[in-house]
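Note sheet for the following structure.
The values are calculated or read from the model by the stated rules, or taken from the named source; none is laboratory data. These numbers were taken from a predicted model, which means no experiment stands behind them. Glycine also receives a Cβ, built like all others from the backbone with ideal geometry; neighbour counts cover every protein chain displayed. What goes into the accessible areas is simple: the full protein's heavy atoms, side chains included, and nothing from ligands, DNA or RNA. Shrake-Rupley method; radii C 1.70, N 1.55, O 1.52, S 1.80 Å.
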Amino acid sequence: MIIATAGHVDHGKTSLVRALTGVDTDRLDEEKRRGLTIDIGFAYADLGGPVPTGFVDVPGHERFVRNMLAGINAIDLALLVIAADDGPMPQTREHLAILDVLGATSLCIVLTKIDRASPQQRDLSRAAISSLLAPTRFADAPVFEVDTPAGIGLQTLRMHLAERSDKWVAREATGGFRMAIDRAFTVPGAGLVVTGAVLSGVANTGDQLIVSPLGRAARVRQIHAQGLPAEHARAGQRCAINLAGPDLDRSLIGRGHWLVTPFAHAPTQRIDVTVNALADIDKPIRTGIHVQIHAGAAHVSAQLHLMQQRELTAGASAFGQLVLEQALPLLWGDRLVIRDPAARATLGGAIVIDPQAPARGRSSALRQTRLEQLRLQDPEQALCALLEASPLGIELDAFERNRNLTAIAAVQLRAASQVHLAVPSGSADREDIGRPAPGIGLSPAHWTQWQAILIDVLSQSHLDHPEHIGLKPSELARSSGQTYLARFETERDAGVRRVDAIAQAALRAVMAKGQIVRDGIHVRRPEHRPVLLPEHQALLERVQAALAQAGLRAPIVGELATALGMERATLLNFLREMATLGHLLPVAPNRFYLPGTLDELAAIAQKLAGTSTDGSFDAAAYRDASGIGRNLTIEVLEFLDRAGVTRFAGNRRMMRT
């Protein structure tokens with residue numbers, strides 16, 4: 001269990017922790033000299049629970065709220081310390097508001113310095129406390145009266161904390177490992193050590209992690225959890241982790257950085273959030289203002305843009321976008337504190353909805369709908385809602401990262417939502433190869449609709465142009481994508497490339513089922529047979545017979561015209577027309593092939609690529625394997641490049657996927 005103090009300066013927080021733990025958390029010389037807590041301090045005590053209880057003491061002076069915020073991550077209980085002779089003071093109220101913003105669930109009030117207050121003063125302070133807590137979820141928080149130097153009331157408080165510790169249940173360590181670093185230092189003989197609160201997941205000795213947003217790789221050498229040596233660091237613990245790695249520079253690593261699993265390392269500077277204004281702010285929060293954002297132990301400057309209004313009044317909530325001056329590895333559900341750096345006042349809080357927010361269209365109605373779907377608490381409900389409303393699909397790995405899902409959880413989510421991975425990408429290049437393949441996911445309904453539209457568009461093309469063999473795959477994909485976008489209201493910022501990628505994936509699916517077949521470089525419906533004028537059909541059959549006899553060495557147009565007893569110009573016009581209709585392939589301006597010959601030409605390239613060590617081949621190898629001569633080899637290979645069969649790079653060619 002982790003307990004943190006909170007409250008106004010000089011109300012006795014540090015003395016209380018020292019009395020409960022025997023540890024003076026004021027470790028800095030300046031703190032001891034001034035008698036003032038400046039930075040967060042740490043202590044552990046055995047209260048009878050299964051593991052030692054961690055205490056975090058925070059500064060109460062308004063100048064050090066930034067340090068206070070760095071120490072209250074992942075706490076289980078807050079001790080709001082209030083002096084009986086003063087009652088609630090400005091930092092009492094601000095610290096209480098910060099605890100509320102950060103989602104603290106448990107609170108105890110410790111009324112200190114009761115020896116300095118008369119019974120009437122104590123009654124007034126308790127009444128003020130009750131009034132302060134009444135509108136919050138802490139209205140029923142217990143109050144303990146103590147005189148710390150004399151030890152009065154400490155035993156009752158200690159017994160209460162021991163009971164809480166005994167009943168404490170460790171929070172579920174779901175998600176990838178994330179720890180907010182609040183200290184970094186070097187230990188002789190061990191090297192770099194970072195400390196902080198673990199927000200999610202589990203890290204084990206030997207694990208490979210990332211110091212984010214720096215992107216530095218680190219291996220876990222040793223772990224101390226709750227002040228004791230351990231093999232694991234898990235959510236809800238304060239840990240010290242000894243790191244090793246060639247790029248770990250102590251001068252670059254410190255408070256505000258994060259230690260995360262590689263999959264969770266995705267620094268961002270533009271995030272969409274729900275903004276919640278405090279109920280007692282003096283003036284509305286206006287869109288476009290510059291604020292200070294506190295996340296984990298980090299603080300950065302940012303600009304806040306409200307999405308559908310000009311200002312946010314006290315106690316109100318709205319969607320907003322934060323543009324950070326420095327990138328942070330934020331994820332869905334992270335809680336942020338928003339402060340006014342000029343007034344040194346807390347304005348409210350924010351909850352991250354989309355950590356990879358778009359720069360354009362943030363105020364559109366469609367974006368508002370998308371944010372409503374994204375902020376759904378249950379990942380399956382959120383993903384299903386997004387898939388249903390997204391004809392252009394969802395980037396699955398981005399959704400899974402933003403939700404901080406482990407590989408197992410991601411696989412289970414995909415199965416439960418029946419998502420179809422339409423366009424996988426880059427899985428072989430990922431560090432975390434145990435995760436499901438990234439790519440664009442579609443709902444079953446949209447995946448079926450994409451395939452149906454491909455068939456409809458191709459069938460309509462056959463009706464409109466019965467003389468054509470069919471369409472090129474790229475033409476069909478482009479036309480189908482345009483048809484799909486016209487039929488369904490969807491985001492247009494996904495781009496033509498994404499539309500084509502999904503259409504191409506759907507085309508592969510219907511071809512695998514035999515609903516569309518390939519004919520040379522074109523595709524057609526299986527039952528379609530092109531209809532030509534009788535005289536054109538007769539001439540085409542003569543041309544096809546001559547080309548079939550020639551095999552891979554198709555004659556040039558002049559030679560073919562002589563063989564057929566025709567004028568070259570007349571035959572060339574006919575060949576070009578047949579190529580336009582898909583009956584012939586224009587390998588070169590003066591040379592045409594049968595569509596079926598493309599398979600033989602491609603098969604040679606495939607064999608050469610398959611037998612080479614790097615999957616590539618050159619023109620000389622193709623010439624020798626095909627036996628068609630140097631000049632014709634160049635024409636054929638350039639045609640295969642244009643047809644999307646091969647790719648030319650560095651005087652060699654590789655097969656396209």
C-alpha center-to-center spacing [the range 529-551, the range 52-131] in angstrom: 91 Å
5 angstrom amide H check on Arg255, placed H, neighbours 5+ away: Ala184
³J(HN,Hα) computed for each position of the range 286-291 - Karplus, 6.51 cos²θ - 1.76 cosθ + 1.60, integer Hz, glycine/proline x: 9, 5, x, 6, 8, 9
Among 613-623, 188-198, the order from most to least packed when residues are scored by Cβ within 10 Å on average: 188-198, 613-623
Largest-first principal axis extents of the Cα set of the range 21-146 (Å): 37, 34, 30
Per residue value of the accessible surface for the chain (all protein chains in place, 1.4 Å probe), Å²: 45 Å²
Per-peptide average of other Cβ atoms within 10 Å, ordering 12-23, 245-256 highest first: 12-23, 245-256
Potential lengthening between Leu228 and Met511 on full extension [0.36 nm per residue; Cα-Cα distance subtracted]: 95.8 nm
log10 of Debye I(q)/I(0), alpha-carbon scatterers only, for the range 85-240 at 0.17 Å⁻¹: -1.05
Relative contact order %, the range 24-149, counting alpha carbon pairs below 8 Å whose residues are six or more apart: 20 percent
Estimated FRET transfer efficiency when R0 is 35 angstrom, pair Ala345-Arg33 (beta carbons, to 0.05): 0.75
D (Stokes-Einstein, µm²/s), Kirkwood Cα radius, the range 500-657, 1.306 mPa s at 10 °C: 93 µm²/s
Charge dipole magnitude, Cβ of K and R +1, D and E -1 - the range 329-439, Cα centre, debye nearest 20: 400 debye
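If I stretch the segment between Arg310 and Ala279 completely, what's the gain in nm (0.36 nm per residue apart, minus their alpha carbon distance), one decimal?
On the way: separation 31, 0.36 × 31 = 11.16 nm, distance 1.80 nm.
Value of the extension gain: 9.4 nm.
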Whole-percent carbon and sulfur share, accessible surface of the chain, 1.4 Å: 50 percent
Backbone HN-Hα couplings from phi across the range 88-100 [Karplus 6.51/-1.76/1.60, Hz, Gly and Pro as x]: x, 10, x, 6, 4, 5, 5, 5, 4, 5, 5, 4, 5
Amide H contacts of Leu47 (H built 1.01 Å from N, under 5 Å, at least 5 apart or other chain): Thr53
Value of [θ]222 nm, deg cm²/dmol, for the chain, DSSP H segments ≥ 4, -39500 (n - 2.57) each, nearest 500: -11000 deg cm²/dmol
Approximate spin-label separation Glu600-Gln121, in nm, with each point projected 7 Å along Cα-to-Cβ: 10.5 nm
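State the extension gain, in nm to one decimal, for the chain segment bounded by Ala150 and Ala649, taking 0.36 nm per residue of separation less the distance between their alpha-carbons.
On the way: separation 499, 0.36 × 499 = 179.64 nm, distance 8.24 nm.
Working it through step by step, the gained length comes to 171.4 nm.
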Highest-first arrangement of 263-269, 121-127, where packing means the average Cβ count within 10 Å: 263-269, 121-127
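Before anything else, pin down the relative contact order of the range 441-520: Cα pairs under 8 Å, at least 6 apart, normalised by residue count, whole percent.
Working: 51 pairs, mean separation 30.2, N = 80.
38 percent.
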Cα-based shape type of the range 284-418, given that a ≥ b ≥ c are square roots of the gyration tensor eigenvalues and the cut on a/c is 1.5: prolate
Euclidean distance of C-alpha centroids, the range 154-187 and the range 354-384, integer Å: 33 Å
Residue-by-residue Karplus 3J(HN,Hα) for the range 599-608, coefficients 6.51, -1.76, 1.60, Hz, glycine and proline x: 4, 5, 5, 5, 5, 5, 4, 4, 5, 5
Distance-filtered residues of the range 191-215 - backbone nitrogen under 19 Å, label point 7 angstrom along Ser251 Cα→Cβ: 191-193, 214-215
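Per the Kirkwood formula on distinct C-alpha pairs, the Rh of the range 325-482 is how many angstrom? Intermediate values should be presented prior to the final figure.
Working: mean 1/r = 0.0539 Å⁻¹.
Roughly 18.5 Å, rounded to one decimal.
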Gap separating the Cα centres of the range 226-267 and the range 291-313, nearest whole Å: 27 Å
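Can you tell me the mean projection area, over all orientations, of the convex hull of the range 240-341's alpha carbons? Units nm², please. Spell out each step's value before the answer.
Numbers: hull surface 31.4 nm².
Mean shadow area of the hull around the Cα atoms is 7.8 nm².
If r is the Cβ-Cβ distance from Arg642 to Gln412 and R0 is 30 Å, what FRET efficiency results, to the nearest 0.05?
Working: r = 44 Å, r/R0 = 1.48.
Efficiency at R0 = 30 Å is approximately 0.10.
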Estimated FRET transfer efficiency when R0 is 45 angstrom, pair Ser131-Val187 (beta carbons, to 0.05): 0.40
10 Å binning of all Cα-Cα separations within the chain, expressed as whole percents from 0 upward: 3, 13, 18, 18, 14, 10, 9, 7, 5, 3, 1, 0, 0
